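Asks: After the structure tokens below, expect a handful of questions from me.
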Amino acid sequence: MADRSFSVSRIPGFAAVAILAFVILYLPIFTLVIYAFNASKSIAVWEGFSLQWFEAAWANRQVKEATLRSLIIASSASVIATTVATMAALGTTRRAAFKGQTFVYVMINQPLMVPEIVTAVALLIFFASIKVATGYQGLGYLIAAHSAFCVPFAYLPIRARLEGMDLSLETAAADLYATPWRTFRRVTLPLLLPGIIAGAMLAFVISLDDVVITEFVKSGGQDTLPTYMLGQLRRAITPEVNAISTALLVLTVLLLSAFFLLTRKKE
Amino acid sequence: MNDIAVEARNAVKTFGQGDHAVRALDDVSVTIRKGEFFTLLGPSGCGKTTLLRLIAGFEMPTGGQILLDGADITDLPPNKRPVNTVFQSYALFPHLTVAENVGFGLEMLNRPKAEVRQTTERMLALVKLEALAGRKTSQLSGGQQQRVALARALAPQPKVLLLDEPLSALDLKLRKEMQTELKRLQHETGITFIFVTHDQEEALTMSDRIGVMSAGKIQQIGSPRDIYTRPVNRFVASFIGESNFLPATIVQGAARLGSGHSLAVEGLTPVDEGRKVTLAVRPEQVRLTAEDEADTIRATVRDLVYFGTDTHCHLMLSDGEEVVARLQSPASGDAGLSEGQIVGLRLAPGAVQVLGD
Ligand SMILES: Nc1ncnc2c1ncn2[C@@H]1O[C@H](COP(=O)(O)OP(=O)(O)OP(=O)(O)O)[C@@H](O)[C@H]1O
Ligand SMILES: [Mg+2]
């Protein structure tokens, strides 16, 4: 290599450390996926290839219900969180700098800073009193809670995209007789769309994956897929959990790949 | 007064507050006539863009008024003003095709589809871009983007077209081409153009009138000839072209130099008698003669700088003042002068300007 400038890759042991890090990261997941296809009931001894655990999970009514519930919550929460995040991003970037700007950023990103367990306990207590007062027991609480903690995840890619967009495009639209609303519809929104989709997908994945807040907020019989799996593990560990995890992993990887493709493409 | 397209009355614009306040426009009044090619010329940061933005409506003036066709439009938002802008950065919509960009304004005016299509085609023909109608704007060269921006701004047939340094991103050759093109477009459409540049040559060759700006103020407004031959102050005289500045005193209706020579100057009144003034003379108006000829000022050649088409001869007068003479280079390239040589220097009466400040 002719380039003599500093490069971390020339530090002795660089390759070994990098490989070790990847092994530590991915070996457990790899093992989990492998044993989802195990023919026996063991999650530690390999006894041949089989799809029986996928079939078992597919046939399990509780799994199906929990999956459906997870999808309903994640879709609702990502739509609500993305809408709120889009408005917040427009409100914080499409205007002159204002007093308390940093404070507002921090407030919007609050769920990223406050420990999840604190939010969970707070919501438990807060929703408990509402439940008593209204008698309502439905999924609304979970959807509201998920929407709230998904906002910053949706906000970040949307704001990043907006900051990269030249304000002069909106100025040009106004110059060409577009009303503020039509400027938004014809110029801002189409250009912002990749950011919005990325934000929505990120919110969806985060919601799908949540255990702590869901565990505290859910009423009886409102298990989502992750909390159902947690419950299963408390009883007996079977490769069925591996199979469900593998399916969840595939879904997440697909969504995140799409997310990276979308955010990459804008450059 | 119905031949006035745009008027700024005592326009003031300040950015920021308190100690950090910047007075971008300081009591600017200017009238721009219908169908005129008006250029705002001035150094960076003098407030040219700010004035355009006030006329377009992107910025509200801190004080004063903006009038269009005699009507006060100061409070009108940009989408309600029949004024279009060609942005320095072009600001083309990257998600739309060339044709969609050009048709955007008409579409927003809710014109019928057929009209939008026809006008778009006509505009694309006007800027010679018919072949690229379906392209995305990111696939265009700088010059082509420039034309799209022009066509887009012209399509809704605005009363006034604002152009903020539209040529500054282009290379020299393309720039010359576009200058001609712009003049042709202005001629064909009859639309009032307000053009911003900090290139004095561009301003001189293209404009009907020029407004020279400095530090948020209009320094002088006039035809290119006026501005060049009769600058009102030292700023204008040195910003547009080059000038020699000589201190003088008005004695008996003439300007007396430090060296004792008197020069006839125009436009003096009796109250000027005894006043200390600055004279401005363009280097190409300085003639050299033999030292002993009558009515000449004696000067010593200090330096000769060869520029190809002409040679700059730096001279020193007997009182130490410096004067530069621009002499056309003879075929041989040798001006026939040498350093230290004593020559005679002659200034034609019309060539000497008395500056105001
Ligand atoms: N939005 C703004 N906020 C604060 N100051 C500003 C703003 N816009 C312009 N200014 C200031 O106002 C002054 C005039 O700016 P303006 O952009 O009109 O200059 P200009 O003549 O167009 O210069 P250039 O040739 O560099 O484009 C400058 O000092 C600039 O810093
Ligand atoms: Mg400018």
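The values are calculated or read from the model by the stated rules, or taken from the named source; none is laboratory data. These figures come from a predicted structure and were not determined experimentally. Cβ: placed from backbone, ideal geometry, glycine included. Neighbour counts: every protein chain shown.
Asks: Going through the range B:38-55 one residue at a time, which ones are of a type outside the set (A, V, I, L, M), touching a strand residue (DSSP E or B) at 6+ places or on another chain (Cβ under 6 Å) and either under 17 Å from B:Ile240 (Cβ atoms) or more than 9 Å from ligand 2 (Cβ to nearest atom) (or both)?
Replies: B:Phe38, B:Thr39, B:Gly42, B:Cys46, B:Lys48 - these are the residues of the range B:38-55 that are of a type outside the set (A, V, I, L, M), touching a strand residue (DSSP E or B) at 6+ places or on another chain (Cβ under 6 Å) and either under 17 Å from B:Ile240 (Cβ atoms) or more than 9 Å from ligand 2 (Cβ to nearest atom) (or both).
Asks: Return only the number of the condition from (1) surrounded by fewer than 17 Cβ atoms within 10 Å (Cβ to Cβ); (2) of a type outside the set (A, V, I, L, M, F, W, C); (3) more than 14 Å from chain A (Cβ to nearest Cβ); (4) in contact (Cβ under 8 Å) with a residue 12 or more places away in the chain that B:Asp72 does not satisfy.
Replies: That leaves (4) as the condition not met.
Asks: Another question, if that's okay. When you check A:Thr171 against the structure, is it touching a Phe, Trp or Tyr at 6+ places or on another chain (Cβ under 7 Å) and either closer than 30 Å to B:Arg53 by Cβ or at the interface with another protein chain (Cβ under 8 Å from one of its Cβ atoms) (or both), yes or no?
Replies: On the way: touching a Phe, Trp or Tyr at 6+ places or on another chain (Cβ under 7 Å): yes; either closer than 30 Å to B:Arg53 by Cβ or at the interface with another protein chain (Cβ under 8 Å from one of its Cβ atoms) (or both): yes.
The answer is yes for A:Thr171.
Asks: Follow-up question, since we're still on this one. Quick one: which of B:Leu185, B:Leu170, B:Leu109, B:Leu126 is away from chain A (no Cβ under 13 Å) and over 20 Å from the mean Cα position of the chain (by Cα)? First the steps, then the outcome.
Replies: Numbers: B:Leu185 fails: over 20 Å from the mean Cα position of the chain (by Cα); B:Leu170 fails: over 20 Å from the mean Cα position of the chain (by Cα); B:Leu109 fails: away from chain A (no Cβ under 13 Å).
Checking each option against the conditions leaves just B:Leu126.
Asks: A further question follows. For B:Ser168, state whether it is more than 19 Å from B:His95 (Cβ to Cβ), among the small types (Gly, Ala, Ser) and away from ligand 2 (no atom under 16 Å from the Cβ). Before the answer, list the steps.
Replies: On the way: more than 19 Å from B:His95 (Cβ to Cβ): yes; among the small types (Gly, Ala, Ser): yes; away from ligand 2 (no atom under 16 Å from the Cβ): no.
Judged against the criteria, B:Ser168 is not a match.
Asks: Also, quick follow-up: Name the residues in the range A:66-106 that are polar (S, T, N, Q) and over 25 Å from A:Tyr141 (Cα atoms), would you?
Replies: Start the filter on the range A:66-106 by keeping residues that are polar (S, T, N, Q), which leaves A:67, A:70, A:75-76, A:78, A:82-83, A:86, A:92-93, A:101-102.
Across the range A:66-106, the qualifying residues are A:Thr92, A:Thr93, A:Gln101, A:Thr102.
Asks: With respect to the numbered conditions (1) within 16 Å of ligand 2 (Cβ to nearest atom); (2) surrounded by 20 or more Cβ atoms within 10 Å (Cβ to Cβ), which one is the sole condition not fulfilled by B:Leu124?
Replies: (1)
Asks: Here's something else I'd like to know. Within the range B:56-67, which residues are away from ligand 2 (no atom under 16 Å from the Cβ) and within 14 Å of chain A (Cβ to nearest Cβ)? Give the derivation first.
Replies: Of all residues in the range B:56-67, those away from ligand 2 (no atom under 16 Å from the Cβ) come to B:57, B:60-67.
B:Gly57, B:Met60, listed by residue number.
Asks: Something else now. Being more than 9 Å from every other protein chain (Cβ to nearest Cβ) and closer than 8 Å to B:Ala155 by Cβ is the filter here, so list the residues in the range B:96-106 that pass it.
Replies: Filtering the range B:96-106 for residues more than 9 Å from every other protein chain (Cβ to nearest Cβ) gives B:97-103.
Listed by number, the residues that qualify are B:Val102, B:Gly103.
Asks: Follow-up question, since we're still on this one. Test of understanding: among B:Leu51, B:Leu25, which residue is over 24 Å from A:Leu169 (Cβ atoms), of a type in the set (A, V, I, L, M) and either buried (at least 21 other Cβ atoms within 10 Å of the Cβ) or at pLDDT 90 or above (or both)? Steps first, answer last, please.
Replies: On the way: B:Leu51 fails: over 24 Å from A:Leu169 (Cβ atoms).
Step by step, each of B:Leu51, B:Leu25 is checked, and only B:Leu25 is over 24 Å from A:Leu169 (Cβ atoms), of a type in the set (A, V, I, L, M) and either buried (at least 21 other Cβ atoms within 10 Å of the Cβ) or at pLDDT 90 or above (or both).
Asks: Out of all the residues in the range A:204-212, is one or more within 14 Å of another protein chain (Cβ to nearest Cβ) and out of contact with any His (no Cβ under 7 Å at 6 or more places or on another chain)? Even if it seems obvious, please write down each step before you answer.
Replies: Applying the first criterion (within 14 Å of another protein chain (Cβ to nearest Cβ)) to the range A:204-212 yields none.
Within the range A:204-212, none of the residues are within 14 Å of another protein chain (Cβ to nearest Cβ) and out of contact with any His (no Cβ under 7 Å at 6 or more places or on another chain).
Asks: Still on this structure, please answer the following. Restricting the range B:188-222 to residues that are hydroxyl-bearing (Ser, Thr, Tyr) and within 16 Å of ligand 1 (Cβ to nearest atom), which is nearest to the other protein chains (Cβ to nearest Cβ)? Give the derivation first.
Replies: Looking only at the range B:188-222, we keep the residues that are hydroxyl-bearing (Ser, Thr, Tyr), and these are B:189, B:192, B:197, B:205, B:207, B:214.
With within 16 Å of ligand 1 (Cβ to nearest atom) added as a condition, the list becomes B:197, B:214.
Details: B:Thr197: 19, B:Ser214: 26 Å.
Filtering first and then ranking leaves B:Thr197.
Asks: Can you name every one of the helices (runs of 4 or more DSSP H) wholly within the range A:178-267 that holds 1 or more residues which are under 30 Å from B:His95 (Cα atoms)?
Replies: Working: elements: A:180-183, A:189-209, A:212-217, A:225-235, A:239-265.
Because the criterion is at least 1 residues that are under 30 Å from B:His95 (Cα atoms), the helices (runs of 4 or more DSSP H) in the range A:178-267 that meet it are A:180-183, A:189-209, A:239-265.
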